[in-house]
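Every number in this text was worked out from the coordinates using simple rules, so none of it is lab data. Everything numeric in this text was worked out from a predicted model, so none of it was measured. Heads up, the Cβs are rebuilt from the backbone with ideal geometry, glycines too, and the neighbour counts pull from every protein chain shown.
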Amino acid sequence: MRAFLGLVLLSLAFSSCATPPGPATKLEKANVLPLALNDHFQIRKTIRYFNESKPGVTTLSEPIQFERSRMNWGLIDSYDFSSSYGNYFTFFWRTSQQADVTIRLEYRQAALGNYVMAQERYYPSAKGSYRSPFNIIGDEYAEFGRVTSWRVLLIVEGRIVALKQSYMWR
C-alpha cells in the first residue's frame, strides 16, 4: 500500500511539471543579429507538418493518416478545421551550458514574398534538452499562405549560437 501511495504521489509531482507551453511571441520585425556559433548549443531535430486535410479525405499511408487524426483530434465543425490549417514546426534542441536562451523561428510565406516574419520562445536558465513547437495557422495562414522557407535560431545574449534552415532560405 505504501509503495502504491508513493507511486501516485510521484506521478502527480511529475505531471504537474509537464505543462504545455503557451503561444509563441510574434515579432513585428526580425532584427539582424551577429553570428557567434557555439558547440554547447545544438538544434538536434526538426519536425515539420503541413495540415490542410479536409474532413472525410483519406489516404492509404497509415502514418500520414495517424498524424492527421492526431492534429485534428477534437475538431467538430468546419470553422475548427479551417482554423487548424497551416504549418506546424517542432524543434528539439539542447544546451550543455546554462544560459538564458531564446529560440526564434524566422519564415517567409507565399503571399509576402521576401518579407520575413518571426516568432520567439524564451527559456530562462536553460540547460539540457528542450522541445519548442511553433504554429503558423488560422488567420495568418489563411491571409498569407503556406510557409515557403524558414530558419530557426538559438540566441544567447543577442548572438546567434546555433541555427538550422530550410534549403530555400536565402
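For the peptides 151-163, 37-49, residues were scored by their other Cβ atoms within 10 Å and the scores averaged per peptide; the highest-first order is 151-163, 37-49. Projecting label points 7 angstrom from Cα along Cα→Cβ for Ser78 and Glu140 puts them 2.6 nm apart. Cross-link reach is defined here as a Cα-Cα straight distance under 20 Å, omitting same-chain residues fewer than 8 places apart; for Lys127 the aspartates and glutamates meeting it are Asp39, Asp100, Glu157.
Spin-label pair Leu33-Met168: with each label point 7 Å from Cα along the Cα-Cβ axis, the two points sit 2.4 nm from one another. Between Thr25 and Ser96, residue separation times 0.36 nm minus the direct Cα-Cα distance comes to 23.1 nm.
Residues in the stretch 113-136 near a label at His40, defined as backbone nitrogen under 17 Å from the 7 Å Cα→Cβ point? So the set is 123-130.
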